[in-house]
Amino acid sequence: MRRYLVEPSGPLVGTVRVAGATKNEGTKLLAAALLAPGVHTIHNIPRVVDLDIMIELLEVLGARFTYLGPESLSIDTSGPIHPNAPYELVRRMRASINVLGPLVARCGEARVALPGGDAIGSRKIDMHLNGLRAMGAHIEVEHGSVVARADPALFGARHVLDFPSVGATENLLTAAVLAKGTTVIDNAAREPEISELCAYLNRMGAHVLGGGTSTLEIHGVEELEPADATLIGDRIEAGTYLMACGIAGGEIEIEGTSIDHLEIVARKLGEMGMLVAPTTNGLWARASRRLTAIDIPTLPFPGFATDFMPMAVAVLCVAEGTAIVTENIYDGRFQFIDELARMGADVRNEGRHAVVRGLDRLQGAPVTAPDVRAGAALVLAGLRAEGPTVVHGGEHIDRGYADLAGGLRALGADVHAV
């Protein structure tokens with residue numbers, strides 16, 4: 001069991017560089033590499049727990065991996081691929097479902113256990129399966145696994161997603177690149193990581209149009225070839241540092257990110273009284289006074305991402321005034337509120353809403369991280385608490401952050417992972 005030890009240390013000052021987006025981009029590119037036999041290389045891919053899980057899963061499927069450096073990784077998919085993703089691995093990470101589309105496209109069939117991951121609410125995969133069915137796949141759910149067959153092949157189709165789901169967009173996109181004919185995905189997710197996946201597939205020889213928009217047009221090709229990629233900076237990590245500054249105060253610079261990926265976060269923090277501006281290589285931020293509470297709803301990109309919501313609640317716990325946070329994506333994401341209450345926060349959950357009344361300071365206490373982003377929020381809350389905070393369940397945090405404690409220490413915070 002990992003623990004994060006947090007001591008209040010005053011305003012933050014300094015510069016931090018964000019790591020590559022391993023969790024939200026890197027694991028998805030590795031799954032997509034199954035589409036093209038050969039050796040692919042991914043750069044700027046720091047190790048996090050989710051990467052280790054994806055590597056284990058892809059090795060079971062037949063891929064081979066070699067580390068070329070601390071943040072460069074090659075994946076060899078030239079050997080036989082076994083289209084059976086077992087429960088023992090898939091249950092550990094939601095992104096494991098991303099192998100479904102590539103396996104059906106390359107092998108013509110797949111058996112993938114229903115996915116697990118963070119306990120943040122129900123996340124059904126109906127949109128994934130309905131989209132594949134529209135492309136001609138025969139799909140059944142048998143004994144806890146999705147069994148899909150392209151009989152005789154996948155065919156291009158027009159499909160409208162009920163919701164701009166990131167996972168469904170990724171699975172249908174990776175299935176469509178080798179389908180016969182043209183596929184159109186309407187109401188597609190628009191996250192930066194989707195744009196990067198589209199670019200990666202095009203470097204492999206795919207013909208994908210509309211990356212970054214709500215309509216993707218994919219013209220199927222006969223085969224793909226290996227390609228290399230360099231991950232973008234992790235926008236969730238960058239947003240975490242911005243909110244740390246909002247909680248603790250201070251003046252910081254964040255390198256390796258873009259305001260284009262964090263515009264709504266910067267705008268919301270600006271409405272609360274924080275200054276955020278782009279630099280040539282990232283962002284500058286200053287919080288010179290206690291922030292003012294505002295209401296925040298989560299929405300698909302370019303709206304306020306659900307991954308930022310727990311940290312936003314932590315900010316509001318020490319802001320001036322009362323705010324309502326509405327979670328529109330996942331129905332079980334407020335589990336961490338009881339942990340903030342252990343730190344003296346005045347916050348309560350009412351269905352999909354959290355009502356937060358800000359206090360000047362919180363109280364250090366032992367707390368437990370229920371998931372990766374909630375764990376980060378509890379660490380941030382400890383920056384504005386009287387006395388030490390011990391965040392148990394730190395292994396959840398390590399699923400998505402290569403070195404959150406080190407990044408916060410670079411800004412002057414007293415945070416250690418043990």
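Quick note: the coordinates plus some simple rules give every number you see, no bench work behind them. Every value quoted in this text rests on a predicted model; they were computed, and no experiment measured them. Quick reminder, even Gly has a Cβ in these numbers, built from the backbone with ideal geometry, and neighbours come from all protein chains shown.
In a DSSP loop and with at most 13 other Cβ atoms within 10 Å, the trypsin sites (Lys or Arg not before Pro) in the range 232-289 are R289.
For the range 22-230, the relative contact order works out to 20 percent when only alpha carbon pairs closer than 8 Å and six or more residues apart are counted.
Evaluate the distance, in nm, between pseudo-label points positioned 7 Å from the Cα of A199 and of Y87 along their respective Cα→Cβ axes. Taking the two extended label points, one gets 4.0 nm. Spin-label pair R361-S214: with each label point 7 Å from Cα along the Cα-Cβ axis, the two points sit 4.7 nm from one another. Note on H43 and R267: the extension gain reaches 77.6 nm, defined as 0.36 nm multiplied by sequence separation minus the Cα-Cα distance.
Taking every DSSP beta bridge that has both ends in the chain, the antiparallel portion is near 70%. Once Rg and the Kirkwood radius are both taken over the C-alpha atoms of the range 294-418, their ratio Rg/Rh works out to 0.94.
Here the dipole of the range 22-230 is about 260 debye; that uses its Cα centre as origin and unit charges on the Cβ of Lys and Arg (positive) and Asp and Glu (negative). Between N130 and E395, the distance separating the two model label sites (each 7 Å from Cα on the Cα→Cβ line) works out to 3.6 nm. Short to long, the 10 Å bins of the Cα pair-distance histogram for the chain hold 5, 23, 32, 23, 13, 4, 0 percent of all pairs. Fully extending the segment from E59 to H207 would add 50.5 nm, taking 0.36 nm per residue of separation and subtracting the current Cα-Cα distance. Placing R0 at 22 angstrom, the Cβ-Cβ distance between R286 and A410 gives a FRET efficiency of 0.85 after rounding to 0.05. Against the chain, whose longest principal axis comes from its Cα atoms, helix 192-203 is set at around 30 degrees. Stretching the chain fully between V147 and S258 yields a gain of 36.0 nm (0.36 nm per residue, less the alpha carbon separation).
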